[in-house]
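Taking it in order: structure first as C-alpha cells, then the write-up.
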Amino acid sequence: MQLACVKLDLEMFLNILPLCTNLASMQQGMEILEKIIISGLNLDVSVGNVMMDMYTKCGSIQIVHGLF
C-alpha cells in the first residue's frame, strides 16, 4: 500500500493492526502504530482498544498497563 502511495485512514489501520495481533508480530504492529501516531489518529478510542489487544496478546503487559 505504501509503494502504491495509498493514504491509510482510520478504518484501514483498524483492519490491518489486528493482523499483527493474531500473528503476535509486535515489531510490525509497532511500525503500524507509529504510522497511526504520525497521522494523528491515535486519539480514537477504537485505536486504543486495538493497541491494548495487540500488546496483551504479544505479552507486553507493562505497555498495556501504561496505556490503560
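Each reported figure results from applying straightforward, stated rules to the coordinates on display, with no laboratory input. Computed from a prediction, not measured in an experiment: that's the story for all the values here. Glycine gets a Cβ as well: all are built from the backbone with ideal geometry, and neighbour counts include every protein chain shown.
Before moving on, here are some points about what is shown:
- Within the chain, the proportion of C-alpha pairs whose separation exceeds 19 Å stands at 26%.
- Cβ-Cβ FRET estimate between F68 and L19, R0 fixed at 22 Å, reported to 0.05: 0.45
- Taking 0.36 nm per residue of sequence separation and removing the Cα-Cα distance, the M30/N49 pair yields an extension gain of 5.4 nm.
- The chain: relative contact order as a whole-number percent, Cα under 8 Å and 6+ apart: 33 percent
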